[in-house]
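Input: a single structure, listed below in structure tokens.
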């Protein structure tokens, strides 16, 4: 079971791109750490940071490739995806962390100077499978 999260935060570093085998197919995965802050408005119009948290975030398929190509440390992004618990054994004993598998990831425009668009390509044919979705861990 998983919960949905929609939040904005800052990249802790550039995403790392890797290839994984899923049911005999090679799929791209981009892994990154994002700090989700909690800005609170001040009387003078500014903001103060009151806490926040880090999450490990993964994207799949073309979204993963685009993230690895475009994103850099410090960029402000908005993500939407599924939160899941990940458990493993370490030298210090059992560990658990929350991880986010992002279905959508967009740049926050407030911190951008310029945007360059690439030419539009034709959409995939109707009924053609997309490799953007992660493997279904709930199945």
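Comparing 29, 79, 115 in a Gaussian network model of the chain, where Cα atoms under 10 Å apart are tied by springs, the biggest mean-square fluctuation is seen for 115.
In the elastic network of the chain, a GNM with C-alpha springs shorter than 10 Å, the most mobile of 14, 122, 48 is 122. For the peptides 40-46, 15-21, residues were scored by their other Cβ atoms within 10 Å and the scores averaged per peptide; the highest-first order is 15-21, 40-46.
Per-residue ellipticity at 222 nm computed for the chain from its helices equals -2000 deg cm²/dmol, with DSSP H segments shorter than 4 residues left out and the rest contributing -39,500 (n - 2.57).
Laboratory data are not the source of any read-out in this text; all were calculated from the coordinates shown. Model, not experiment: these values are computed from the prediction. In this analysis, Cβ positions are derived from the backbone assuming ideal geometry, glycine residues included, and neighbour counts consider all displayed protein chains.
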